[in-house]
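Please read the structure below before turning to the comments.
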């Protein structure tokens, strides 16, 4: 009990004495947990939305159809219909919707021509696939049309408006959702449902279509085998669900990739923070050991401190991720139709986030903590930190070049803390990768809008909807990229601040020998710009690869100009130099004597 | 003999918990060329601060300081740095080698700073390391060297630009008796070679390598004695040996 209180008390004192470091770690971990939660929520939210609409509409398990031609007589059409209807008597079928007559017809909305997939529906509620009305009301005995919700949204139509179908003006009665067809403009032509009265007015325009039958089965898992046994079946609920949530699954996959990057970045940031704090706390560790605190208890103090921050970050991340996921999901066309709902925090999801963030903290804490407690008590009391590594061959080769002394010393200092250099370069590389991906995405979307749509999509309403979708996806991409780049910047700041702390003694020695403050600042900047240059060299090809693999399909291959790459490198170097300059300058302004007297 | 150091009315105060501490309180000091001066006194009397003021690592709150023929108390940080390169060599108790540079790289650093060609700087550094018997450790990083070796490397670094003045702050404070004897021999050699030296120490044996002993108390020089050998030197040093280190 006493030991536990001591550990908690010491951990709390550590947090209180260095609140900014704890806050920085909390912020980095919170970003990470938010990203993980969003990825988990998005992976689930698509399924939930599809299931919700399917339940509300008595969604089909199998969908069958039969075609008719304009030259068929009414009797021949009736035979086709009856033959399709007989499928409803097959074993395993528990409910039947249709057969419903339908056809593809020309239409006009506000003067813009488009094709529509018209289906004639009864005014009574169907046993299968009764569309879920989202605006206005369902068909009644009067003339009228109900629009698929995506079309109503894209065209801006409300109940009471009028559209032209096969030359006939038809009043819009409402808008509705179904899982039988993907939302417009993903699936084209768009689905509309018309009343029998309207069908009678359209007359021969519907003759060239066919019939659609939708069935529910006693065992939905038998849908595939049912489809295999009946050639009239052309779609199952599994295929529909998979297609309708495809965008979201891709988004979730991209988010998971990014979340992994964020976790990596957080490990880098946390690692730098913890290792940096350990370097500063070596003397304190020595003091604790000298007064009888065991190495295990010292490790516990550090673990309690960081795990407390991690659990707090988990709470923040779960709440933020759950709140942010639905607006993020609405940026996709699928959920703009199915209507994303905020899922509640589930225990499994919370457990996954806790497990990941705990692993991050353990990974980042245990090694430096153990290293700290392994030091002899006397060595720890002396305050000496781990000696640097010997310069590698590359650095020694560069050292022989006729470079200014400050540059050579700066390059040499990159070997001082290799782990930190690698962590910093890793963080910057992810940042550069995301910047290149974002620039390419912006270029790709612009190109898609300028040429792709105008050639392939003559339908102006669909084109406008697609453009809006692309804009939403671009916004999504930019938001995520900004999120990651912000974390990379935090990582860079943390690395710069702790490098400055670590360089304090060496810079003071050099100044005592005659190095000017300007030279020590240059030396510090060189060490950091070297990491940034390496990150650019790695991040640019990685960015190209990430864009190419994650945007296969509609967007053009990457086509950024050499000037863009050069500008990215230049801006990254300048930005990073600014980040590193502040701690370097502060370091150079400190008095020399106290820093040398410390030991 | 011309004066290498001329200090007049040097003050340096610190503020600890709102109470001003007079670390250096109106010190007047002249050190002639080729003279070796030891400064002794109890802990906290201000001797290290005085040394830091002489080397520009601290700035005086008041007073004048002349090194050679240049008044330096008002110099900027960068100007002090440039002056230290050629004029001052430092030896610290904690050695203070740059820990990512090898021994020989540490020694040649001040020479490279004044613009010496790198080959020439390396040659000179190796000569000094040979003279101080640590040439075989030239390519080692500081964490691979013993205390005595570290201090010899630090001394070589202090001497590489043949400075006007060597300032040593407790140069044997972290050394065992064997290493202390080695360093004492080196300082004695420097004095005989005419190197101007100011040593701050608790150790009477180190103080005995100088020809002049100053005693500080509460930031002021309270005694200034010439140790010309014979009875006065022994008497003074015996008295000082009783001080608490």
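The values are calculated or read from the model by the stated rules, or taken from the named source; none is laboratory data. Everything numeric here is computed off the predicted structure, so don't read it as measured data. Here Cβ is always computed from backbone atoms with ideal geometry, including for glycine, and neighbour counts include all displayed protein chains.
Annotations
- All conditions but one from (1) free of Cβ contacts under 8 Å to residues at least 60 places away in the same chain; (2) away from chain A (no Cβ under 11 Å); (3) under 19 Å from the mean Cα position of the chain (by Cα); (4) in a helix (DSSP H, G or I) apply to residue B:155; the one that does not is (1).
- Filtering the range A:222-237 to residues that are assigned to a helix (DSSP H, G or I), touching a helix residue (DSSP H, G or I) at 6+ places or on another chain (Cβ under 9 Å) and surrounded by fewer than 20 Cβ atoms within 10 Å (Cβ to Cβ) leaves only A:224.
- From the list A:495, A:464, the one residue that fits, being at pLDDT below 80, buried (at least 24 other Cβ atoms within 10 Å of the Cβ), in contact with a helix residue (DSSP H, G or I) (Cβ under 7 Å, 6 or more places away or on another chain) and away from chain B (no Cβ under 14 Å), is A:495.
- Meets criteria (within 12 Å of chain B (Cβ to nearest Cβ) and without any contact (Cβ under 8 Å) to a residue 40 or more places away in the chain) for residue A:518: no
- Count of the range A:95-111 residues which are closer than 15 Å to residue A:154 by Cβ and surrounded by fewer than 15 Cβ atoms within 10 Å (Cβ to Cβ): 1
- Residues in the range A:576-593 that are more than 9 Å from chain B (Cβ to nearest Cβ) and free of Cβ contacts under 8 Å to residues at least 60 places away in the same chain: 2 in all.
- Looking across the range B:205-232 at every residue that is surrounded by fewer than 19 Cβ atoms within 10 Å (Cβ to Cβ) and in a helix (DSSP H, G or I), the one that is modelled with the lowest pLDDT is identified as B:231.
- Residue check for residue B:194: at pLDDT 85 or above and closer than 24 Å to residue B:44 by Cβ: no
- Number of the condition not met by residue B:164 [criteria: (1) farther than 30 Å from residue B:81 by Cβ; (2) at pLDDT 90 or above; (3) surrounded by fewer than 18 Cβ atoms within 10 Å (Cβ to Cβ); (4) touching a helix residue (DSSP H, G or I) at 6+ places or on another chain (Cβ under 7 Å)]: (1)
- All conditions in (1) surrounded by fewer than 18 Cβ atoms within 10 Å (Cβ to Cβ); (2) touching a strand residue (DSSP E or B) at 6+ places or on another chain (Cβ under 9 Å); (3) within 12 Å of another protein chain (Cβ to nearest Cβ) hold for residue B:144, with the sole exception of (2).
- Of all the criteria given as (1) within 30 Å of residue A:517 (Cβ to Cβ); (2) away from every other protein chain (no Cβ under 14 Å); (3) modelled with pLDDT under 80, the one not satisfied by residue A:599 is (2).
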